Structure formats: C-alpha cells, structure tokens
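Student: Structure provided below as structure tokens; questions to follow.
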Amino acid sequence: MKGNRRANTRPEVALRSALHRRGLRFRTDHLLRVGDLRVKADVVFQRQRLAVFVDGCFWHGCPEHGHRPKVNTDYWSLKLERNRRRDARVNAALAGAGWQALRLWEHTPAEEGVEQVLASLAGANTR
Ligand SMILES: [Zn+2]
C-alpha cells in the first residue's frame, strides 16, 4: 500500500488551508490506533473524534474518475478491490471506537469539504 496515501498532496493542502481560514484547529497526518489497525488520517479532530480522509480518485475508486486501467486488469482489479475493502474496514473500526470517518474525494472542492467537516463536527458527540 506504499504510495497509496501520500502526505501533503494538493487537495489535502487546500482543505487544510480552508479549515484554518475558518479558525479550526486539528492535527494532520495523525496516526490513530483503532483495534489492530493503524490508520493515518489526513485531518484529525481529536476531541470531536472525527477523522477526515482525502481519498485519491484513482486509488479509492471514485465514481467519476475511478476508471480501471485497460492493461493488467486482473492486477488492478485486485489491488483496487483491496483498497476498497480496507477503506470499509477502517470506517467500521473507527465507528466501533466511537469515531466518525469522513471521506472526501480529492476532486471535492476545498470549500465543499469544509462544509462537510463542519456538518460532521456539529453532529459529533464530544465527551
Ligand atoms: Zn474523482
């Protein structure tokens, strides 16, 4: 899964800047331990237990841009399917630990991402 989630890709940077402009405080590239999984989230609101992931359209199979390569189709199907299963497992593990997982596509405009983050924070139960 190396190279699968690069730190500081442009959509992440845009999202973080937009969140900062709203005066939000958060951790970036934070490693969460959830059960036996180690999960690196792009943006983490620890107190509100919200983990935000900016998913690459190709790697995570975005419905608009996640088209399969036409060569080595077996290889790619397997690899992309594995990514999808891992995403689902991560979401379930986070939910089980009382966290919200918010997944944004890399094509999601930063301002729209901010709105989704704010909505998730509003629904978060802080303890
Ligand atoms: Zn996309």
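Bear in mind these aren't lab numbers, they're just calculated from the coordinates by the rules spelled out. Everything quoted here is computed from the prediction, not taken from an experiment. Here the Cβ positions follow ideal geometry from the backbone for every residue, glycine too, while neighbour counts run over all protein chains shown.
Student: Right, ARG84: within 24 Å of ALA14 (Cβ to Cβ) and among the basic types (Lys, Arg) or not?
Tutor: Working: within 24 Å of ALA14 (Cβ to Cβ): no; among the basic types (Lys, Arg): yes.
No.
Student: A follow-up question, please. With respect to PHE53, is the statement that it is surrounded by 12 or more Cβ atoms within 10 Å (Cβ to Cβ) and part of a strand (DSSP E or B) true?
Tutor: Working: surrounded by 12 or more Cβ atoms within 10 Å (Cβ to Cβ): yes; part of a strand (DSSP E or B): yes.
Yes.
Student: Could you grab me the full set of residues in the range 59-69 that are farther than 15 Å from ARG85 by Cα and more than 8 Å from the ligand (Cβ to nearest atom)?
Tutor: HIS67, ARG68, PRO69
Student: Within the range 101-115, which residues are within 15 Å of the ligand (Cβ to nearest atom) and either closer than 23 Å to LEU31 by Cβ or in a helix (DSSP H, G or I) (or both)?
Tutor: Taking the range 101-115 and keeping what is within 15 Å of the ligand (Cβ to nearest atom), we get 103-110, 112-113.
Selection gives ARG103, LEU104, TRP105, GLU106, ALA110, GLU112, GLY113.
Student: Failed condition for LEU80, given (1) under 17 Å from LEU19 (Cα atoms); (2) within 16 Å of the ligand (Cβ to nearest atom); (3) not in a loop (DSSP other than H, G, I, E, B), with all others met?
Tutor: Condition (1) is where LEU80 drops out.
Student: Residues in the range 30-48 that are within 18 Å of HIS20 (Cα to Cα) and not in a strand (DSSP E or B): how many? Reasoning before the result, please.
Tutor: Just the residues of the range 30-48 that are within 18 Å of HIS20 (Cα to Cα), to begin with: 30, 41-48.
Imposing the further condition that a residue be not in a strand (DSSP E or B) reduces the set to 46-48.
Counting residues in the range 30-48 that are within 18 Å of HIS20 (Cα to Cα) and not in a strand (DSSP E or B) gives 3.
Student: Considering only residues that are away from the ligand (no atom under 16 Å from the Cβ), free of Cβ contacts under 8 Å to residues at least 60 places away in the same chain and surrounded by 13 or more Cβ atoms within 10 Å (Cβ to Cβ), which ones fall in the range 83-100?
Tutor: So in the range 83-100, the residues away from the ligand (no atom under 16 Å from the Cβ) come out as 85-86, 88-100.
Remaining after also requiring free of Cβ contacts under 8 Å to residues at least 60 places away in the same chain: 85, 88-93, 95, 98, 100.
Residues satisfying the conditions are ARG89, VAL90, ASN91, ALA92, ALA93, GLN100.
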